[in-house]
Structure formats: C-alpha cells, structure tokens
Amino acid sequence: MITEKDISKRINRTIKSPIRIGSLEDLDLDKEIFLSAFKPFFNELEDDAYLTRENQVKFLKKRFTEDQNAIEEVHKLYFEKKVGIEVLRPWLEKLNTTEKEQFKTISVITRQRNISSFTIKKEGKDIHVERTYPAVFNQEVSDFRSWERVFKQAEKRMVENEQFYSLLKAVFNLIKTIHPEVSKLKVTSHFMRTITQGEIKGENSPEGVHEDGAPYIVSALVVNRENIVGGETQIFEKIDHRNDLIFNEALTPGKFAFQADTGEEKTFGNDLWHYVTPINPKNSTEKGIRDIIGFDIEI
C-alpha cells in the first residue's frame, strides 16, 4: 500500500496528511469475488441529471454573458429540479442551429449513481454497521455541490450484505490506524458510473481540482474500466493557491485511493485536493465506462 510517506520520498518533500493507495487485498478482501459480485450492480444505476443541468446552465451563461444575472436567478431552482427546462426557454430559443447541437451534446447523460449512508460503531471487540436514510445529499463546499440533491437509494441487496459490510469495516479499521481513539463513523457511499461515447467525454470531476467537504474520502474504489483511456486519479497539495500534483495513476479494478480531504491542513499540515481526469473511448464506436465506489467519511 502506498502511503503519504512513500509519496514524500518520491517528491522529496514531506506530506503528513494521510494518503493510502491500495487494493482490496490490502483490506483483506478477495478481489475476484468482490468485483464479480458488485460489477453487475452498476448496470442498474439511475441517471445523474444534476450534472447535465449544471452543464446546461454553464453553457447558457457563457453564451449569453449579458444575461448572466437572469440565468443565475433560476440556476439553483433548475439544478435542484424544482423547476423544469421551460425556465431556460428564453435563451434556448435564441440559440442558432450549431449552438442547439452543442446544447444537445452537453445534455447527454454521462454519469449514473446511487447513494447509501451508514453508521459504523465499535462496541467492545465488535464493529456494527447500521444503515441510515438522510432525506437529501449535499456537500460542505463552495460550489454547486453544496445544493441539495436527491439520489436513488441503493437497493438492499447491493449494500446490505456481508461483502459490503466487510468493506465498510475495513474502512473503519483504516481510520483507526490514523485515529486510534475513534469509535464511530458516518459513511456515505456512492456507486457511480461515468460514461463516454463517440466525441462525448465522461467527466469524473466537472468541478475541477476539488475537495469533497468530508474529513476523509475514498475518492474511488475502481470496480470496472471498459473501453476507456483516461480516468487518472490525481492528488494535489495546495500551496499558496497553487495545486501541486503529488500522485497520478489510472487505478485498475480492485484498487482504491483514500485520503484526508477537508480541514486536514489544520490537523496534519498539508492541504490535499484531488481530481480525476476525463475518460474517452478507446474504440469510438462503442460506449466506454468507469465504475467506482466512493465514500465520504465523517468521524
């Protein structure tokens, strides 16, 4: 398993904020059994229309710079699905033929997901997992991700099973190696598929280099990569408003990236951010996909 100490040696600079790049085997999980069990679930995910709506608004604000304030007035309502596409009609009707095609292209769904939440608690020698059901999902960040989103809850058979509970307990034990005093975690799980087809790339991180608003994250446990190039996991240290790349790898199925995410600079001294590069299809006539499980972890 690669840690912040290994990265420090590689870049010849000390990184103290926790990083773990490892595999399912490092968590004492059988890679082949886990991947074969979870890979089919990604065919059942729901379209993430929030990303599409955000891209549509961005497009219109860039095209109609003189109307940015008016577009911004409906931005949040449209993003949160409280109003429909009719609120964009005044600007859609002004697009020329080429621009309408561009708008159509950015409206193609490139991300699918579900969500589930858990409390993980240690009592004596036992670790207990309990599923919870928050009404909405939002992140403690300064961009559109702070707005409310409602995603489809993962089916019980996907996440309420021995293998997934073993993964959650392994994450708990990973946190314990950093914070031995911890007895309880809140974990939000995301099953996410990013899709690319033809000239349409799959954006894993449309917000750019970012934090997720949680103390710790598993930015990706890769379950499947099919007909794609790209999708490289990148970790940055922010120094004086500059993002310095300290890790870069296209994780293969069974590998994961764990890191301190928000507020760690006050605890450990290094401000870590992350990004995933877009994906494109190797064979442009076929769809390409990248399937991952991500975790937002709160102590």
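The values are calculated or read from the model by the stated rules, or taken from the named source; none is laboratory data. Values in this document were obtained by computation on a predicted structure and should not be read as measured data. With ideal geometry, Cβ positions are generated from the backbone for all residues, glycine too; neighbour counts draw on all protein chains shown. Please note that ligands, DNA and RNA were not included when accessible areas were found on the heavy atoms of the full protein model with its side chains. Shrake-Rupley method; radii C 1.70, N 1.55, O 1.52, S 1.80 Å.
Contact order normalised by length for region 193-299, with contacts defined as Cα pairs under 8 Å and 6 or more residues apart; what percent is it?
47 percent
If the cut-off is 12 Å between C-alpha atoms, which aspartates and glutamates fall inside it for K287, apart from same-chain ones fewer than 8 positions away?
E199, E226
Quick check: the angle from helix 162-178's long axis to the longest principal axis of the chain, C-alpha only, nearest 10 degrees?
70 degrees
Counting pairs of alpha carbon atoms under 8 Å apart in space and at least six apart in sequence, what relative contact order in percent does region 210-259 give? Display every interim value, and only then the final one.
Working: 64 pairs, mean separation 24.2, N = 50.
Relative contact order, region 210-259: 48 percent.
Given K16/K121; K31/K169; K122/K184; K5/K125; K121/K156, which pairs have Cα atoms separated by over 18 Å? Before the final figure, lay out the partial values.
On the way: K16/K121 27 Å; K31/K169 16 Å; K122/K184 6 Å; K5/K125 30 Å; K121/K156 20 Å.
From K16/K121; K31/K169; K122/K184; K5/K125; K121/K156, over 18 Å: K16/K121; K5/K125; K121/K156.
Which cross-chain or sequence-distant (5 or more) residues have an amide H under 5 Å from the amide H of D261, H modelled 1.01 Å from N in plane?
Sorted by chain and number, the residues that satisfy this are Y216, I217.
Along the charge dipole of region 156-295, which of F164, T233, N243 sits closest to the positive end, that is, farthest toward it, with unit charges on the beta carbon of Lys, Arg, Asp and Glu (+1, +1, -1, -1)?
Farthest along the dipole direction, towards plus: F164.
Report, to the nearest 10°, how far helix 97-106 tilts away from the longest principal axis of the Cα atoms in the chain, using its own Cα long axis and a range of 0 to 90°.
Value to nearest ten degrees: 20.
Return one whole number: the accessible area per residue of region 1-45 in Å², for a 1.4 Å probe.
Per residue, region 1-45 has 56 Å² of solvent-accessible surface.
List the lysines whose Cα sits under 28 Å from the Cα of K9, skipping any in the same chain fewer than 8 residues away.
Hits, sequence-local ones excluded: K176, K238, K255, K266.
Nearest 10 degrees, 0 to 90: what angle lies between the long axis of helix 49-63 and the longest principal axis of the chain (Cα atoms)?
Relative to the chain, helix 49-63 is tipped by roughly 50 degrees.
In nm, to one decimal, how far is the modelled label at V108 from the one at S8, with both set 7 Å along Cα→Cβ?
4.6 nm
So which lysines can K76 reach, going by Cα to Cα under 26 Å and dropping same-chain residues fewer than 8 places off?
Those lysines meeting the cut-off are K58, K61, K62, K94, K100, K104, K152, K201.
Over region 200-299, average the accessible area per residue using a 1.4 Å probe and give it in Å², no decimals.
Heavy-atom accessible area per residue stands at 38 Å².
Could you compute how fast the chain diffuses translationally, taking Rh as the Kirkwood radius over C-alpha pairs and applying Stokes-Einstein at 4 °C with viscosity 1.567 mPa s? Give it in µm² per second.
Stokes-Einstein gives a translational diffusion coefficient of 63 µm²/s.
Just add up the charged neighbours of T194: K/R +1, D/E -1, any other residue whose Cβ is under 9 Å from the Cβ of T194.
+1
Any idea what the relative contact order of the chain is, in percent, if you count C-alpha pairs under 8 Å spaced at least 6 apart?
23 percent
In whole angstrom, how far apart do the alpha carbon centroids of region 166-212 and region 62-80 sit?
Each part reduced to its Cα centre gives a spacing of 30 Å.
Using the crude model of +1 on Lys and Arg Cβ and -1 on Asp and Glu Cβ, and no other charge, please compute the dipole size for the chain relative to its Cα centre, in debye to 20.
For this selection, approximately 200 debye.
At 1.4 Å probe size, with the rest of the protein present, what percent of the exposed accessible area of the chain is carbon and sulfur atoms?
Result for the chain: 46 percent of the exposed heavy-atom area is carbon or sulfur.
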